[in-house]
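The values are calculated or read from the model by the stated rules, or taken from the named source; none is laboratory data. On a predicted model such as this, the values are computed, not experimentally measured, just so you know. Here Cβ is always computed from backbone atoms with ideal geometry, including for glycine, and neighbour counts include all displayed protein chains. Just the protein is used for accessible areas: all its heavy atoms, side chains included, with ligands, DNA and RNA removed. Shrake-Rupley method; radii C 1.70, N 1.55, O 1.52, S 1.80 Å.
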Amino acid sequence: MSSPVTERYGAPVAPTAPLNEATRVILHHKSCRAYTAQPVPDDVLNLLIAAAQSAPSSSNLQCWSVVAVGDPARRAELSALCGHQRHIEQAPLMLCFLADLDRIGTVAARHDLPTDTLDYVEMSVVGVIDASLAAQNLVTAAEAHGLGTCYIGGLRNDIGAVRQALNLPDRIMPVFGLTLGYPDPAVPAAVKPRLAPAAVLHRDTFTPPDYTTLIDDYDATMARFNEGQGRDVDDWSLLSGKRVATVDRMAGRDRLLGLMRKMGMALK
Ligand SMILES: Cc1cc2nc3c(=O)[nH]c(=O)nc-3n(C[C@H](O)[C@H](O)[C@H](O)COP(=O)(O)O)c2cc1C
């Protein structure tokens with residue numbers, strides 16, 4: 001593929017402005033599911049946390065926290081809770097990103113203020129957004145420094161058990177995990193193509209795209225990608241359709257609302 005943009009789409013697209021160092025790193029993103037045993041030095045983790053904390057935050061409330069799990073036994077426990085994903089045990093660190101409404105509750109309490117808003121879905125969304133923006137900043141910084149990462153949505157399969165494993169107080173909700181370590185060069189990952197920009201970009205108002213062509217084209221692109229990876233899998237659209245077809249595919253996450261309510265989030 002001739003340019004990182006073409007590689008990202010697995011097909012030529014409209015010309016873009018020239019890349020710089022930052023966009024080159026972002027466009028080169030690929031999830032890493034194979035790691036060496038090399039530990040992540042503390043000063044590297046410190047830098048990545050500073051990058052995470054550099055993300056914007058709704059009203060600067062900073063409603064997120066992260067638990068960096070290095071202990072192999074605890075990572076094995078988390079791996080089991082996340083559907084037995086081998087890379088959680090293999091990566092030297094598993095970062096557990098949390099929507100943290102407890103700290104801001106403590107902040108309000110210092111001023112003898114009520115915390116009525118924390119009972120609303122909106123504030124939980126704020127926590128999830130803050131955690132997500134922070135995590136993605138960390139991912140980009142990690143990749144810029146030669147590390148690999150992989151998000152782990154499986155952390156929400158059983159948030160009750162994860163909260164116990166991580167000793168989380170009420171009003172602190174696991175959002176996702178992120179494996180972190182140095183990529184194993186023997187198992188290189190590849191840049192996975194995305195839907196054509198016309199699928200996501202609208203001008204001024206939303207105009208339903210011609211999904212027939214877009215999805216057919218992307219199925220063909222992903223088929224080429226998977227073939228190149230030696231993977232024989234369903235078309236992207238069939239695979240993705242199956243992922244949203246039935247509740248059993250949620251791996252326990254259909255219980256999320258009930259479990260969140262149990263942890264002191266009323267979610268009005
Ligand atoms: C919130 C979130 C949760 C994810 N959960 C998992 C997971 O549990 N296990 C996994 O191997 N990959 C997981 N992924 C990685 C996606 O599968 C991956 O980002 C997607 O296939 C695109 O590939 P790329 O990141 O290499 O471009 C997750 C990604 C996100 C954003």
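Computed quantities for the displayed model
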quantity: Verdict on VAL67 being over 30 Å from VAL107 (Cα atoms), crowded, with 18+ Cβ neighbours inside 10 Å, modelled with pLDDT of 95 or more and more than 16 Å from the ligand (Cβ to nearest atom); calculated: no
quantity: Counted residues, segment 206-241 - those being open to solvent by 50 Å² or more (accessible area, probe 1.4 Å) and over 23 Å from ALA190 (Cβ atoms); calculated: 7
quantity: Enumeration of residues in segment 177-188 that are in contact (Cβ under 8 Å) with a residue 60 or more places away in the chain, within 16 Å of the ligand (Cβ to nearest atom) and open to solvent by 20 Å² or more (accessible area, probe 1.4 Å); calculated: PRO183, ASP184, VAL187
quantity: Neighbours by Cβ (under 7 Å, 6+ apart or cross-chain): first from segment 108-123, open to solvent by less than 100 Å² (accessible area, probe 1.4 Å); second part of a loop (DSSP other than H, G, I, E, B); calculated: ALA108/THR115; LEU118/LEU101; LEU118/ARG171; ASP119/ALA266; ASP119/LYS268; VAL121/LEU267; VAL121/LYS268; MET123/LEU101
quantity: Options VAL121, VAL162, VAL126; residue that is within 16 Å of the ligand (Cβ to nearest atom) and either in contact with a Pro (Cβ under 6 Å, 6 or more places away or on another chain) or more than 24 Å from TYR35 (Cα to Cα) (or both); calculated: VAL162
quantity: Residues located in segment 56-71, provided they are under 20 Å from the mean Cα position of the chain (by Cα), outside any helix (DSSP H, G or I) and over 24 Å from PRO39 (Cβ atoms); calculated: PRO56, SER57, GLN62, CYS63, TRP64
quantity: Residues satisfying the stated conditions in segment 127-164, i.e. surrounded by 19 or more Cβ atoms within 10 Å (Cβ to Cβ), over 22 Å from VAL25 (Cα atoms) and among the hydrophobic types (A, V, I, L, M, F, W, C); calculated: LEU155, ILE159, VAL162
quantity: Check on PRO193, without any contact (Cβ under 8 Å) to a residue 12 or more places away in the chain, closer than 30 Å to SER3 by Cα and within 16 Å of the ligand (Cβ to nearest atom); calculated: no
quantity: Test: residue in segment 72-88 that is buried (at least 19 other Cβ atoms within 10 Å of the Cβ), of a type in the set (D, E, K, R) and not in a helix (DSSP H, G or I); calculated: no
quantity: Members of segment 1-30 that are out of contact with any Lys or Arg (no Cβ under 8 Å at 6 or more places or on another chain) and within 16 Å of the ligand (Cβ to nearest atom); calculated: MET1, VAL5, THR6, GLU7, ALA11, THR23, ARG24, VAL25, ILE26, HIS28, HIS29
